[in-house]
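Down below is the structure, laid out as structure tokens.
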Amino acid sequence: MTKELWVNLPVKDVKKSKEFFTRIGFTPEETHETADMTCVKVGEKNIAVLLFAEETIKGFMKNEISDTQAGSEMMVSFDAESREEVDETAQKVKDAGGNVFSEPAEIQGWMYGFAFADLDGHRWNQIFMDFSKMPK
């Protein structure tokens, strides 16, 4: 059975991407760092996000890198413990050079979140869920 999950992302500049994700609250993992790859961890379960130089990841994906300015390949979601944490993370993303394309807002009456694109255009969102308000 699967024990871990790794998200592998192509990036134009490994160092700048590591700095971006560190500034928004992810934890750098230097033991898994090379000149063309680094790792940041997210959440209590320490989900690994591996940031690979585009040319390196193309070699094992056996495919071209998606143009994130023309379309989206996926959206990675992560949770927040409060509405305030969502607001704080949105500000951190802006301060770190990311693009908040959906400002923090209430969603369906029981969620609160925002969405952003990182330095390479990969899409992410953070959501606080108040399950006591979730429709039955």
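Just so you know, all these numbers are worked out from the coordinates, no wet-lab data involved. All figures in this text were calculated on a predicted structure; none of them were measured in a lab. Here Cβ is always computed from backbone atoms with ideal geometry, including for glycine, and neighbour counts include all displayed protein chains.
The table below gives the values:
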{"quantity": "Residue among His32, Phe52, Ser17 farthest towards the positive dipole end of the range 1-56, charges placed on Cβ", "calculated": "Ser17"}
{"quantity": "Considering only the chain, percent of DSSP beta bridges that pair antiparallel, nearest 5", "calculated": "65"}
{"quantity": "Relative contact order (percent, whole number), the chain, Cα cutoff 8 Å, 6+ residue spacing", "calculated": "21"}
{"quantity": "Under 26 Å between alpha carbons - lysine pairs in the range 1-56 that sit 8 or more apart or on different chains", "calculated": "10"}
{"quantity": "Range of Cα positions in the chain per principal axis (Å), largest first", "calculated": "46, 36, 27"}
